[in-house]
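A.B. asks: Can you keep this structure in mind? I'll have questions shortly.
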Amino acid sequence: MNSISVIADRDYQVVIDIDWLRGIEPYLVNRGQIAVIVSENMRDRIANLPSTDAQIHIFTVPDSEAGKSFATYQKVLDWLGAAGFTRNDLIVAVGGGAVTDLSGFVASSWLRGIEWVAVPTTLAAMVDAAVGGKTGINSEYGKNLIGSFYSPISVLVDLSWLSTLSDRDFAAGLAEVIKCGFIVDTQIVELLKDRNLLEVRSDRDLTLELITRSIAVKAKVVSGDFKESFDREILNYGHTLGHAIELHSKYALRHGECVSIGLVFAANLANESGILADQATDLHKKILSNLGLPTSYEGRHWPELRANMAIDKKSRSGTLRFVAISELGRTLRIEAPSESDLLAAYERLCS
Ligand code: GLY
């Protein structure tokens with residue numbers, strides 16, 4: 001077990017490789033009520049919660065982007081209201097990124113903020129969504145457009161949840177891991193570049209190292225720029241087109257799958273702009289496809305994706321801005337790329 005600190009609106013630890021049922025115990029003390037917000041498919045796995053004097057309520061929510069909606073948000077607030085939740089009470093979020101995003105947003109807005117603990121159950125949530133205090137729900141205009149920066153009091157990363165994931169979901173989480181390698185920790189690229197999904201999945205020590213390194217990247221970046229005034233944007237490498245595809249696919253594709261396509265696009269764009277060498281550009285596609293992740297999308301959708309990208313949170317007054325790399329581990333921004341570079345980068349995805 002080890003811990004990584006995040007310094008943000010509140011300082012907290014991400015505890016890695018812990019039995020979450022033991023890790024949660026100290027947070028249950030001196031509470032009147034505890035709401036465990038759990039994804040529907042994990043409901044049966046939280047039967048053995050530690051004993052506590054507090055009244056425990058279990059609320060199940062969909063663990064999907066489509067479920068990260070106003071309707072679900074309102075339902076959870078109504079549950080808290082009916083139960084009479086006070087500022088001394090606690091929310092425990094057990095699930096993938098959709099559940100931790102939603103629960104954190106509920107925690108930030110109920111009574112203007114009550115404490116919450118994140119227990120991520122997917123690889124994507126462990127290395128990304130549950131760490132860093134971005135909480136929120138989706139709008140019909142885009143992903144995560146409604147939300148807040150509101151940190152949990154702790155994140156408990158229990159690797160035993162990984163056995164519940166399909167290969168597809170495990171691979172989707174690896175897209176965020178390799179992103180951390182491309183932008184900051186090049187050792188992650190070294191560890192992944194000659195491995196396939198099965199080789200990673202079946203190697204617990206490697207998985208633990210990848211998770212720890214990715215969380216360390218995220219914690220360091222978030223601690224330096226919690227509210228994303230600039231530096232934190234690097235965590236969105238691959239996400240500008242990724243979010244546009246996610247919205248376009250109506251969330252049929254996993255977030256990590258869309259990020260995977262977006263990473264290849266961002267590398268292509270940097271290459272088209274003369275910033276990134278061919279070898280590093282090709283490495284994006286090679287690593288991601290070895291891990292079983294998609295690296296292409298249908299060409300005819302470009303006009304809709306181009307329109308979706310305009311609402312990205314990095315865009316300013318209609319000008320597109322992309323996180324890019326000039327070499328592995330070195331980030332920069334591409335401001336207002338030409339339409340021909342954008343199209344060329346996209347067309348390379350479709351071949
Ligand atoms: N997922 C990107 C961030 O937390 O900033």
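Only the coordinates and a few stated rules stand behind these numbers; no lab work does. Not measured: the values here are computed from a predicted model. Every residue, glycine among them, receives a Cβ derived from its backbone with ideal geometry; neighbour counts consider all protein chains shown.
A.B. asks: With loop defined by DSSP as not H, G, I, E or B, and exposure as at most 15 other Cβ atoms within 10 Å, which is the longest segment of the chain clear of exposed chymotrypsin sites (Phe, Trp or Tyr not before Pro)? Show your work: numbers first, answer last.
C.D. replies: Values: sites that count: TYR141, PHE230.
The answer is 1-140.
A.B. asks: Over 29 Å between Cα atoms, which of LYS68/LYS179; LYS250/LYS286; LYS75/LYS218; LYS134/LYS179; LYS218/LYS286 qualify? Before the final figure, lay out the partial values.
C.D. replies: Values: LYS68/LYS179 24 Å; LYS250/LYS286 27 Å; LYS75/LYS218 31 Å; LYS134/LYS179 18 Å; LYS218/LYS286 24 Å.
Violating the 29 Å Cα-Cα cut-off are LYS75/LYS218.
A.B. asks: Another question, then. For every other residue with a beta carbon closer than 14 angstrom to the beta carbon of VAL61, add +1 if it is Lys or Arg and -1 if Asp or Glu, then tell me the sum.
C.D. replies: -2
A.B. asks: Next up: Find, among the trypsin sites (Lys or Arg not before Pro) in the range 228-275, those assigned to loop by DSSP (not H, G, I, E, B) with at most 14 other beta-carbon atoms within 10 angstrom.
C.D. replies: LYS250
A.B. asks: Along the Cα→Cβ direction, 7 angstrom out, place labels at ASP282 and LYS250. What is the inter-label distance in nm?
C.D. replies: Placing both labels 7 Å along Cα→Cβ, they lie 3.9 nm apart.
A.B. asks: Spelling out what I want: for every residue of the range 19-25, take phi, set θ = phi - 60°, compute 6.51 cos²θ - 1.76 cosθ + 1.60 (Karplus), and round to whole Hz; glycine and proline get x.
C.D. replies: Once θ is set to phi - 60°, the couplings for the range 19-25 become 6, 5, 5, 7, x, 7, 3 Hz.
A.B. asks: How big is the antiparallel share of DSSP beta bridges in the chain, given as a percent to the nearest 5?
C.D. replies: Within the chain, antiparallel bridges account for around 40 percent of the total.
A.B. asks: Now for a different question. Over the range 1-83, what is the relative contact order in whole percent, taking alpha-carbon pairs under 8 Å and six or more residues apart?
C.D. replies: So the answer I get is 23 percent.
A.B. asks: A further question follows. Assuming 0.36 nm per residue, please report the length gained on full extension of the stretch ASN290 to ILE311 beyond their Cα-Cα distance. Please report the intermediate quantities before stating the final value.
C.D. replies: On the way: separation 21, 0.36 × 21 = 7.56 nm, distance 3.15 nm.
Full extension of this stretch gives 4.4 nm more.
A.B. asks: With an 8 Å cut-off on Cα pairs and a minimum separation of 6 or more residues, tell me the relative contact order of the range 226-323 in percent.
C.D. replies: Details: 101 pairs, mean separation 31.2, N = 98.
Computed over the range 226-323, the figure is 32 percent.
A.B. asks: Once amide H atoms are placed 1.01 Å from N in the peptide plane, what residues at a sequence separation of 5 or more from LYS143, or on another chain, have their amide H within under 5 Å of its amide H?
C.D. replies: Result for LYS143 returns nothing.
A.B. asks: Now a separate question. In nm, what is the difference between 0.36 nm times the number of residues separating ARG168 and LEU21 and their Cα-Cα distance?
C.D. replies: Gain on stretching ARG168 to LEU21: 50.3 nm.
A.B. asks: Counting only DSSP beta bridges with both residues in the range 28-182, tell me the antiparallel percent, nearest 5.
C.D. replies: Counting DSSP beta bridges with both partners in the range 28-182, the antiparallel share is about 20 percent.
A.B. asks: Which value at 222 nm does the chain reach when only helices count, each DSSP H run of 4 or more adding -39,500 (n - 2.57), with the total divided by all residues and rounded to the nearest 500 deg cm²/dmol?
C.D. replies: The helix-only estimate for the chain comes to -12500 deg cm²/dmol at 222 nm.
A.B. asks: Continuing with this model, one more query. Taking θ = phi - 60°, what integer Hz values does the Karplus form 6.51 cos²θ - 1.76 cosθ + 1.60 yield along the range 331-348, in sequence order, with x for Gly and Pro?
C.D. replies: 9, 7, 10, 9, 9, 6, x, 5, 4, 6, 5, 4, 5, 4, 4, 6, 4, 5
A.B. asks: Here's a follow-up. What residues qualify as long-range amide H neighbours of GLY329, i.e. H under 5 Å apart, gap of 5 or more or another chain, H built at 1.01 Å from N?
C.D. replies: Amide H to amide H, under 5 Å and 5 or more residues apart or across chains, GLY329 pairs with ILE183, VAL184.
A.B. asks: Could you give the length gained by full extension between ASP78 and GLU335, i.e. 0.36 nm per residue of separation minus their alpha carbon distance, to one decimal place?
C.D. replies: Working: separation 257, 0.36 × 257 = 92.52 nm, distance 4.31 nm.
Here the answer is 88.2 nm.
A.B. asks: Could you give the dipole magnitude of the range 186-265 about its Cα centre, charging the beta-carbon of Lys and Arg +1 and that of Asp and Glu -1, in debye to the nearest 20?
C.D. replies: Numbers: 11 positive and 12 negative charges, 38 e Å.
My answer is approximately 180 debye.
A.B. asks: Another question, if that's okay. Can you figure out the FRET efficiency of GLU347 with GLU140, using R₀ = 30 Å and their beta-carbon distance, to the nearest 0.05?
C.D. replies: 0.55
A.B. asks: Turning to a different aspect of this structure: Kindly write out, for the range 249-260 in residue order, the coupling ³J(HN,Hα) from the Karplus curve 6.51 cos²θ - 1.76 cosθ + 1.60 (θ = phi - 60°), rounded to whole Hz, with x marking Gly and Pro.
C.D. replies: 7, 6, 6, 6, 8, 5, 3, x, 5, 5, 5, 4
A.B. asks: Here is a follow-up. Using the crude model of +1 on Lys and Arg Cβ and -1 on Asp and Glu Cβ, and no other charge, please compute the dipole size for the range 1-156 relative to its Cα centre, in debye to 20.
C.D. replies: It comes to approximately 220 debye.
A.B. asks: Oh, and also: Can you give me the long-range amide H partners of VAL117? Hydrogens built in the peptide plane at 1.01 Å from N, cutoff under 5 Å, separation of 5 or more residues or another chain.
C.D. replies: The list, which skips near neighbours in sequence, is ILE91, VAL92, ALA93, ILE153.
A.B. asks: What is the chain's relative contact order, in percent, from Cα pairs under 8 angstrom and six or more apart in sequence?
C.D. replies: Values: 691 pairs, mean separation 52.0, N = 351.
Worked out over the chain, it gives 15 percent.
A.B. asks: Now, a different point. Suppose R0 equals 30 Å; then what is the FRET efficiency for ASP231 and ALA54 from their Cβ-Cβ distance, rounded to the nearest 0.05?
C.D. replies: In this case the efficiency is close to 0.20.
A.B. asks: Compute the FRET efficiency between ARG87 and LYS220 as 1/(1 + (r/R0)^6), taking r as their Cβ-Cβ distance and R0 = 45 Å, and round to the nearest 0.05.
C.D. replies: 0.90
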